[in-house]
């Protein structure tokens, strides 16, 4: 079962970079991308590519992310770097690239606890990429990481709702609810939302 500290790190707002200091700027050349004669700078506060004070639209941002990915991989990134970029790409709405980086980071993770911390982000990215079936497969891929993981059970409930599988959605929601109650924690809105979808 996750400790209170670990559960906080696993929450739905997972952000490895807030405390680790990893960022685009760490990799020379990634914070600026030139495309079609324009230089775009990455804004770490808004997770946007900016040119002349204007944020790039989503399609262009994904293209710039592709250029950034090439630079990132040329620097032989480590596990924590991959995790950081997975999070950044997820915040940017580039969910398929985020998934790729989460999967790479999980494959390189030195300890089991890091995998536990990344699973909510990966699950969320799969759902946002309209692949809820991949999100629920995490339950089979990483059964040893589910114990006491209220956040992941909440996300799994939502993914099952996406698939209109109310039976499994209800089971996961109930597991999440029990864990939060056992800890005396406030039930998050995400779990209430899952229950509303189950009852709809």
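Computed from the coordinates by the stated procedures, all read-outs in this text should not be read as laboratory data. What you see is a predicted model; the values in this text were computed from it and never measured. In this analysis, Cβ positions are derived from the backbone assuming ideal geometry, glycine residues included, and neighbour counts consider all displayed protein chains.
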Rg (one decimal) and Dmax (whole number) from the Cα set of segment 104-200, in Å, equal 12.9, 42
Computed, not fitted: 222 nm per-residue ellipticity of the chain from DSSP H runs ≥ 4 (each -39500 (n - 2.57)), nearest 500, equal to -19000 deg cm²/dmol
Candidates 134, 100, 181: whichever shows maximal mean-square fluctuation once the chain is modelled as a Gaussian network with Cα springs under 10 Å: 181
Which residue, 138, 156, 73, has the most motion in a Gaussian network model of the chain that connects Cα atoms within less than 10 Å? 73
Within a 10 angstrom radius of the beta carbon, how do 124, 74 rank from fewest other beta carbons to most? 74, 124
Taking only Cα atoms, what is the 0 to 90° angle, nearest 10, from helix 166-183's long axis to the longest principal axis of the chain? 90 degrees
Name the residue, out of 96, 141, 41, whose mean-square fluctuation peaks in a Gaussian network model built on the chain with Cα pairs under 10 Å. 141
In degrees between 0 and 90, to the nearest 10, how far off the longest principal axis of the chain does helix 58-74 point, with axes built from Cα atoms? 80 degrees
Relative contact order of segment 84-189, pairs being alpha-carbon contacts under 8 Å that are 6 or more residues apart, as %: 18 percent
Per-residue Cβ contact counts at 10 Å, fewest first, order 161, 172 as 161, 172
Nearest-ten-degree value, helix 132-141 long axis tilted from longest Cα axis of the chain: 70 degrees
So for 35, 47, 102, fewest C-beta neighbours within 10 Å to most, what's the order? 35, 47, 102
Determine the relative contact order of segment 4-199: mean sequence separation of Cα pairs under 8 Å and six or more apart, normalised by residue count, in whole percent. 16 percent
Which of [x] 57, 51, 35; [y] 43, 40, 33; [z] 54, 36, 27 is the computed Cα extents along the principal axes in Å? It is [z]
